[in-house]
1. Collect the residues in the range 324-339 that are open to solvent by 40 Å² or more (accessible area, probe 1.4 Å), without any contact (Cβ under 8 Å) to a residue 60 or more places away in the chain and farther than 10 Å from ARG313 by Cα, keeping them in residue-number order.
2. Which pairs do you get when a residue that is farther than 16 Å from THR759 by Cα, found in the range 438-462, comes within reach of a residue that is assigned to a helix (DSSP H, G or I) and of a type in the set (A, V, I, L, M), reach meaning Cβ atoms under 6 angstrom, with the pair 6+ apart or on two chains?
3. Please go through the range 226-237 and give me each residue that is open to solvent by 10 Å² or more (accessible area, probe 1.4 Å) and over 21 Å from TYR259 (Cβ atoms), ordered by number.
4. So is LYS572 open to solvent by 30 Å² or more (accessible area, probe 1.4 Å), on the phi < 0 side of the Ramachandran plot and in contact (Cβ under 8 Å) with a residue 40 or more places away in the chain or not?
5. Within the range 214-221, identify whether any single residue is crowded, with 17+ Cβ neighbours inside 10 Å, touching a Leu at 6+ places or on another chain (Cβ under 6 Å) and modelled with pLDDT of 75 or more, and answer yes or no.
6. Tell me which residues, restricted to the range 542-561, are surrounded by 18 or more Cβ atoms within 10 Å (Cβ to Cβ) and either in contact with an Asp or Glu (Cβ under 6 Å, 6 or more places away or on another chain) or in a helix (DSSP H, G or I) (or both).
7. If you go through the range 518-535 one residue at a time, how many are small (Gly, Ala, Ser) and open to solvent by 40 Å² or more (accessible area, probe 1.4 Å)?
8. What are the residue pairs meeting all of these: first residue in the range 202-227, first residue at positive phi, second residue hydroxyl-bearing (Ser, Thr, Tyr) and surrounded by fewer than 16 Cβ atoms within 10 Å (Cβ to Cβ), Cβ atoms under 6 Å, and 6 or more apart or on different chains?
Amino acid sequence: MKKRRCNHCQLNYDENILIKEHSNDEELYFCCKGCQGIYHLLKDEGLDSFYEKLGSSQMLSPPKESSNFDKFDLESFQKRYIKKSDDGFNEVDLIIEGIHCSACVWLNEKILHQQDGIVEASVNGASHKAKVLWDPEIISFSKIIQIINSIGYNAYPYDVSEKNVREKAVKKEYYSKLLVGVFATLNIMWLAVAKYAGYFTGMKLDVKLIISFAEFALATPTLFYTGIIFYKGAYFGVKNRIINMDFLIATGASLTYAYSLYAMLSGNGETYFDSVTMIITFVFAGKYLEILTKKKASDRLDFLGSSMPTEVRVLKGDSLEFVHVLEVKVGDIVELLAGDRAVIDGVIVKGSGSFDNSSLTGESELVFLNENMEVLSGSLCVDGVIRYRVSRPYKESLLSKIISTIEDSMSKKPRIEELANQISGYFSIAILFISFLTFCFWYFKLGSFEEALIISIAVIVVACPCALGLATPVSTLVGIGVGAKNGILFKKATYLELMAKSKTIILDKTGTITVGKPKVVSCEIAPMCDIGLLTALLESSNHPVSKGVLDYLKENNLFVKPRDISAVKEIKARGIEAKHNDIKIFGGNAAFLNEHGIESLSPLGTHYQMAQNGVLVATFILKDKPKEDAKKVIKALKKEGFRIIMATGDNKEAATKIAKEVGIDEVYHSLLPQDKAQLIKKYHPVIMVGDGINDSLALLKSDVAIAMGEGADTALNSSDVVLLESSLSSLLKAVLLSKRVYKTIKQNIGFSLIYNLFTIPLAVLGFIIPLFAALLMSLSSIIVTLNALRIKLDRRDYE
């Protein structure tokens, strides 16, 4: 019976069982309705070039039938996996099974982008993870899943546990293949010893043939089972016009195997099955180590999410019930016992206890919390029993935002990695050309096809674009993991590189260099001052000075209920104005009051003044102290070669006093937010460090924006790098970590280039046989990987 291929999946079937179709004078054959539907879908959408990218030798799995798409639109399902973007669109992370090359990535992105309502669709070919943004008013989540399913792929929402299952499966597969390779290598070494001993002492042809056949039996499963990943990688690379490391290994091993097979069957020449086995095993062992390294580095990134409980105890009437975290609402009362980890943010209403925030800030010192204090998600209750009122839903809580930030950071490549990948692509093509010239040279010089082939194969195998390709991503992965452990969150891996290149750091004063909690040291309050209006103004601002005055009123029993005010207008770094009936009120610094025609002498240092109907009625003098580690950190940053600048909205006296205490020589004072932004533009590249609240404009204009907020979610929204612990030591850790990662990346790239410049000429000259070429090639990849791990092991600088 004549065999024909299905026009979609490329699988062979008997012609009489295929679905036959005529289209534009062309006969089409399909194995099932699913393949027929996908084929016409791609044609109708103008995506038929997918089959050109796929090639004629690649086979697909026929689409799986599934009708259970309605579950994706269930409210409980969407609450768990779907979140809202800042623009109000729905956002989800998916795992797409069946992706194995860039053609698959291209197809999935194209088919999704062409759907009405889908705003963004990006697929990571390495992790099989896709990020999709869509308008729920136009297209449903189930429809998106159905579209992906209709082109032959299986999609489901990303979940840490699902990811772990997939990683374990990959690890198990690699382990079984490595065992086969190691078993074959150990046994073939004994045969190689016997063969080479016979080569020098004499060996009968039949004995030599038996040994060669035994080597053939060991090399075959190693090449086609253990080494199948190299053939797959080479095929997908060639199909997408990329010559990669897999192609070099597959080519070198295949040529050696083919020649050895010829030599064994013909009896002419020597066999090199031992080289085939060792090439595949050594290089595969390097890949296995790479898998383990990446998993170990990424385990830290997944730990927070995977270790979180999915249910909490919620007070319902007089009893406690276990409720899924996604079903907990704002205002619910949650109970924590000793040993429980908070999953949702809230405020304590009953009880007290010690909390371990090390998973958030990296600091192991316990924090004591009691009533009216905030509990952050991710913190561990060490002792006591507390009940707290939920202040944010799970998806808006700090921990959830931290996990999302870390996951997103891994999808953004540093510029140096993109450059290394480009070099790697051209490098492989150059190696093939050099290998061909080497073969031609030695063939014409020696007249021996065998010797010329073996030397040219050694050139292919010894070259290592793999080390060049690993130089950046492994270092970046380890660096982001170390940062997360120490309460330093990089929103993109790019910022590791930018921080390392920066030479200027601009620091805000209040809350960054200082504690950020100024205390009132003296005050003058006129009898005509309406304290109710004063407290109303103070509560309308989140500035630390306003909070300091408000705390003073409460501590000294001067606080009264705030009056109703209207037409409230706050001028950042200046003050606030409002109305109460016909009374105009102003609160802020002396310069702000003077701008509105109110006579006021500017007191020395930090101050707050209030005026009613154009008359000054209250003056408060405050003092803020530098953080304990400020002077030490500033000195260390200067030693690292940074230019340190203070930029503050405070007056000259207060700014210069603090700057002198901590050792900063360059100070800009009395700055409005837009003035800080203008200052930022003078320097490039520049790091701006602020509190993430009052410095949002300056942070936006900087190359690297760092917010310090003790875990405040405002910092997550307004910065590129977040320091969950507000001490300046965490800033020093972040800077030193970025320098360490960037230095390691440059070391790895430098090593891989020097390695190739040294070993390739030796191989061309015939001084390296394929066996040692494979060993050297694997060793170079292992050295690059282990050097990246030193970022984690060497903690002297940033821990």
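The values are calculated or read from the model by the stated rules, or taken from the named source; none is laboratory data. Since the model is a prediction, treat every value here as computed from it, not as a measurement. Cβ atoms come from the backbone with ideal geometry, glycine included; neighbour counts cover every protein chain shown. For accessibility, only protein heavy atoms count, side chains too; no ligands or nucleic acids. Shrake-Rupley method; radii C 1.70, N 1.55, O 1.52, S 1.80 Å.
1. ALA338, GLY339 - these are the residues of the range 324-339 that are open to solvent by 40 Å² or more (accessible area, probe 1.4 Å), without any contact (Cβ under 8 Å) to a residue 60 or more places away in the chain and farther than 10 Å from ARG313 by Cα.
2. Final answer for the pair search is PHE439/ALA452; TRP442/ALA452; TRP442/ILE455; TYR443/ALA452.
3. Scanning the range 226-237 gives ILE229, LYS232, GLY233, TYR235, PHE236.
4. On the way: open to solvent by 30 Å² or more (accessible area, probe 1.4 Å): yes; on the phi < 0 side of the Ramachandran plot: yes; in contact (Cβ under 8 Å) with a residue 40 or more places away in the chain: yes.
Yes; evaluated as a whole, the condition is true for this residue.
5. yes
6. Start the filter on the range 542-561 by keeping residues that are surrounded by 18 or more Cβ atoms within 10 Å (Cβ to Cβ), which leaves 543-546, 548-550, 552-553.
Once the filter is applied, which keeps residues that are surrounded by 18 or more Cβ atoms within 10 Å (Cβ to Cβ) and either in contact with an Asp or Glu (Cβ under 6 Å, 6 or more places away or on another chain) or in a helix (DSSP H, G or I) (or both), the range 542-561 yields PRO544, VAL545, SER546, GLY548, VAL549, LEU550, TYR552, LEU553.
7. 1
8. none
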